[in-house]
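Have a look at the structure below, then the notes.
The values are calculated or read from the model by the stated rules, or taken from the named source; none is laboratory data. Just so you know, these numbers come straight off a predicted model, no measurement behind them. Cβ sites come from the backbone with ideal geometry, for glycine too, and all protein chains shown count toward neighbours.
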Amino acid sequence: MPEEPCQCPDCQRFYREHDRLIRENPSLRQQQELNWAALQAFRTLAGRVLEELQKTHGDDATDPAAAPAAAAPDNLASDDDAPEQDSLQQAIGDLENINAHLFSIEALMERIFDVRVPEEVEQKFRETAGELAPDPLNADRLRLNRLLHQTPDLPDRS
């Protein structure tokens, strides 16, 4: 395990988003609601895309035995379309699996909502959030960042 976090752009974007979500939702209740909303948004979007693909490509699009029989009489389907159809079939199958997993996660998350904690514990969440993800626009943090970027023996991380 590396001592320093990865500095690639994708990881940096993840760290910023991670810290922002902690800063903006520093209580247990807020985290519960945030995660529930994110899960529901993911389910809604993935479900709608799956429905649209199934409508556009028909129910037989997911039945590999029906597709060749439907295309054969008209001879409209070319061999060039086969890889694209296979890719589409794979995507539809993957989306069906994603939706099944999201339903499972939803069932588990419902248990998280059963947990209620006293205000003292919620306050501890807020304090810990401030330690884990301090405000990046805080004057002290901005000053520290400026100092670190001016120090010649530290690599510039821009």
(Q) All but one of (1) over 28 Å from LEU34 (Cβ atoms); (2) β-branched (Val, Ile, Thr); (3) at pLDDT below 90 hold for ILE112; state the number of the condition that does not hold. (A) (1)
Q) Given ASP19, ASP60, which one is in contact with a helix residue (DSSP H, G or I) (Cβ under 8 Å, 6 or more places away or on another chain), modelled with pLDDT under 90, surrounded by 10 or more Cβ atoms within 10 Å (Cβ to Cβ) and assigned to a helix (DSSP H, G or I)? A) ASP60
Q) Given the conditions (1) part of a loop (DSSP other than H, G, I, E, B); (2) at pLDDT 90 or above, which single one is not true for ASN99? A) (1)
